[in-house]
Amino acid sequence: MKVLVTGGAGFVGSHIVDECLKSGHEVVVMDNLATGTANNLNPAAKFFSMDITDTRLIETLREEGIEAIIHQAAQSTVPPSIKDPKYDAEVNLLGTINLLQAVRELGLKKIVFAGSAASYGMPEYVPVDEQHPQRPLSFYGLSKKLIEEYFQMYRELFGISYVVFRYANIYGPRQGQSGEGSVISIFTERMLRGKTCTIEGDGGATRDYIYVGDVARANVLALESDINGVYNLSTEVEVSVNEIFQLLSEMIGYTQQPVHGPARVADIYRSVLSNSKILSSGLPWRPETTLAEGLQATIAWGRSFYGADRS
Ligand SMILES: NC(=O)c1ccc[n+]([C@@H]2O[C@H](COP(=O)([O-])OP(=O)(O)OC[C@H]3O[C@@H](n4cnc5c(N)ncnc54)[C@H](O)[C@@H]3O)[C@@H](O)[C@H]2O)c1
């Protein structure tokens, strides 16, 4: 298939591009390099330096003969959405509607979309399943929630085929320092450079960390399959910040003690997503990378990227 990957210069998108190419698809990347970098671009994919809100988008996709879309481009973090909700909405709502219009007008086979656990807000129970109420705590979470309703309406009105993956916290090589779930990349960088790590709060806050390679595989399999609708994408394993600190310290050989700073305001203390729905969907997918394997791969990448070797 000829696949458009939006955000293909970013962390998750670049791994999806690699996985698409590995599976024999032809790939076109669209990215405005707002947070992504040219270093992440796979030279085997054609690259358009273009904003997803661009009015020429549909024409470009038509000219390229795009058959399906994996949509990762976004204003991808919480703090900028609080500062500038308008920009967040322009990219995450209007940009995505631009792509949905392309799916509709060009009759594309499918669109796979990066939703977020942030659309749930404070968990009322764990593990959080897809039926859990969506009461986001930020404009970022809100834009991820609202756009899901557009997907649903595009299906009702025009019969489009889509998958929304509500991602847990993704980690792995190429992750920047400011993304969701970036405590692993922040600690890895600081430990490799011998700097002090700050744990916000008591370190007991938990998240469900999923390796980026597993996320990339799920996206490509979803594109190739008949599954439709909304699915959590997670490991369903709850891990605390203290555990992450401990594991990374041991693997890197880091001996400094962490500093404890104030807890983040309105931060979610426990977060873990149920993955029962995707595991019983018929998709030949399960999270295959253990936390230890994923952390080792992240450290190996960090050593080459940050130019530090403390092993
Ligand atoms: N990383 C996580 O843990 C996580 C968790 C939940 C959801 N998500 C979602 O997954 C997707 C990928 O996240 P990521 O961590 O790789 O973030 P990222 O910031 O590394 O990647 C986003 C990419 O989109 C590009 N982009 C931003 N605005 C654009 C625009 N208007 N037009 C074209 N390109 C644009 C950026 O340059 C970047 O390359 C996002 O939709 C994000 O909201 C990520």
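Any read-out appearing in this document is the output of simple, stated calculations on the displayed coordinates, not a laboratory observation. Everything numeric in this text was worked out from a predicted model, so none of it was measured. Neighbour counts run over all protein chains shown; Cβ positions are idealised from the backbone, glycine included.
Based on the alpha-carbon gyration tensor of segment 84-144 and its eigenvalue square roots a ≥ b ≥ c, which shape applies: rounded if a/c is under 1.5, prolate if not and a/b is larger than b/c, or oblate?
oblate
How big is the Kirkwood radius of the chain, worked out from every pair of different alpha carbons and given in Å to one decimal?
That comes to 19.7 Å for the chain.
Excluding same-chain residues fewer than 8 positions from Lys109, which lysines have a Cα within less than 27 Å of its Cα?
Reachable lysines: Lys2, Lys22, Lys46, Lys144, Lys145, Lys277.
Given the options Glu26, Glu238, Glu293, which has the most mean-square fluctuation in a GNM of the chain, springs set between C-alpha atoms less than 10 angstrom apart?
Most flexible of the set in this elastic network: Glu293.
Taking loop as defined by DSSP and a crowding limit of 11 other beta carbons within 10 Å, which chymotrypsin sites (Phe, Trp or Tyr not before Pro) in segment 70-137 fit?
Tyr125
Expressed as a fraction of 2.2 N^0.38 Å, the rule-of-thumb size for a compact globular protein of N residues, what is the C-alpha radius of gyration of segment 154-311?
Taking N as the residue count of segment 154-311, the ratio is 1.16.
What order do you get for 255-264, 283-292 when each peptide is scored by the mean count of other beta carbon atoms within 10 Å, highest first?
In decreasing order of mean packing, 255-264, 283-292 become 283-292, 255-264.
Taking the simple approach of a point 7 Å from Cα along Cα-to-Cβ for both Arg264 and Leu94, what is their distance in nm?
2.8 nm
Give the shape of segment 1-113 as rounded, prolate or oblate, defined through the alpha-carbon gyration tensor: a ≥ b ≥ c are the square roots of its eigenvalues, a/c under 1.5 means rounded, and otherwise the shape is prolate if a/b is larger than b/c and oblate if not.
On the way: a/c = 1.94, a/b = 1.24, b/c = 1.56.
Oblate shape, in that a/c is at least 1.5 and b/c is the bigger or equal ratio.
Counting only C-alpha contacts under 8 Å and six or more residues apart, can you give the relative contact order of segment 1-103 as a whole percent?
Once normalised by length, the contact order is 31 percent.
Using Stokes-Einstein with the Kirkwood hydrodynamic radius over Cα pairs, what translational diffusion coefficient do you get for segment 221-276 at 37 °C and a viscosity of 0.692 mPa s, in µm²/s rounded to a whole number?
Stokes-Einstein gives a translational diffusion coefficient of 219 µm²/s.
Order of 142-148, 64-70, 194-200, 241-247 by packing, highest average Cβ count within 10 Å first?
On the way: 142-148: 22.3, 64-70: 20.1, 194-200: 14.6, 241-247: 17.7.
Packing proxy ranking, top to bottom: 142-148, 64-70, 241-247, 194-200.
What is the packing order of peptides 228-234, 15-21, taking the mean over residues of other C-beta atoms within 10 Å and listing the highest first?
15-21, 228-234
So how do Arg62, Arg217 line up by other beta-carbon neighbours within 10 Å, fewest first?
Exposure proxy ranking, most exposed first: Arg62, Arg217.
Please state the relative contact order of the chain as a whole percent: Cα pairs under 8 Å, 6+ residues apart?
Relative contact order here is 18 percent.
Classify segment 189-249 as rounded, prolate or oblate, taking a ≥ b ≥ c as the square roots of the eigenvalues of its Cα gyration tensor: rounded when a/c is under 1.5, otherwise prolate if a/b is larger than b/c and oblate if not.
Prolate is the answer for segment 189-249, as a/c is 1.5 or above and a/b outweighs b/c.
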